[in-house]
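Note sheet for the following structure.
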Amino acid sequence: FAKGGFDAVIGNPPYIRIQAMKEWAPKEVEFYKKKYVAASKGNYDIYVIFIENGLALLYQSGLLGFILPHKFFNSQYGEPIRNILSQGGNISHITHFGDQQSFGGATTYTCLLFLSRTNQRNFGIEKVTNIDDWIISKKSENGIIDSSSLSGAEWNFIFGDKAKVFAKINKNQ
């Protein structure tokens, strides 16, 4: 940290909705809302704070890798962290597990989120439709997304042939 940050931050941040935290840590909830942009909208989940803080802890060329829920891609509370990541061009790769379950005994819809402190022109996206096949053979749908196409609006990653069809539909509207 003496050089101005960490080379890498790796983790599995806690998944705790603030509604639950308000019962046992109401002052902490208010502190987070004031200190972190990611906690500024709606009933956030605490993992968004870990994304913001983890990114801030990185050295200029540092990298971050988290396994966490992908709900922030589309939720109202995810808008501030989507803004941070899209404006900084920080995404280097996402492995999206969709409805595939990563943790036995827990229903959690997760992704692997890899961030870079430096701006990335584009990033890799990997959609896993069968986690068992992915574990064995890394079988997935893969694409490249232009980082400038992201904003604070919901993230719906469409690539390959589906992207061409989607573009045609949008063009005809």
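The values are calculated or read from the model by the stated rules, or taken from the named source; none is laboratory data. Predicted model, so just to flag it, every value in this text is computed and none were measured. Cβ coordinates were reconstructed from backbone atoms using ideal geometry, including for glycine residues, and neighbour counts include every protein chain displayed. In case anyone asks, the SASA skips ligands and DNA or RNA and just uses the protein heavy atoms, side chains included. Shrake-Rupley method; radii C 1.70, N 1.55, O 1.52, S 1.80 Å.
Here are some notes:
- In region 105-122, residue nearest to the chain's Cα centre (by Cα) [restricted to those that are touching a residue at least 60 places away in the same chain (Cβ under 8 Å) and assigned to a strand (DSSP E or B)]: Leu113
- Looking across region 40-51, the residues that are open to solvent by less than 40 Å² (accessible area, probe 1.4 Å) and closer than 20 Å to Gly65 by Cα come down to Asp45, Ile46, Tyr47, Val48, Ile49, Ile51.
- Summed over region 130-173, residues that are open to solvent by less than 90 Å² (accessible area, probe 1.4 Å), at pLDDT 90 or above and closer than 21 Å to Asp99 by Cβ total 10.
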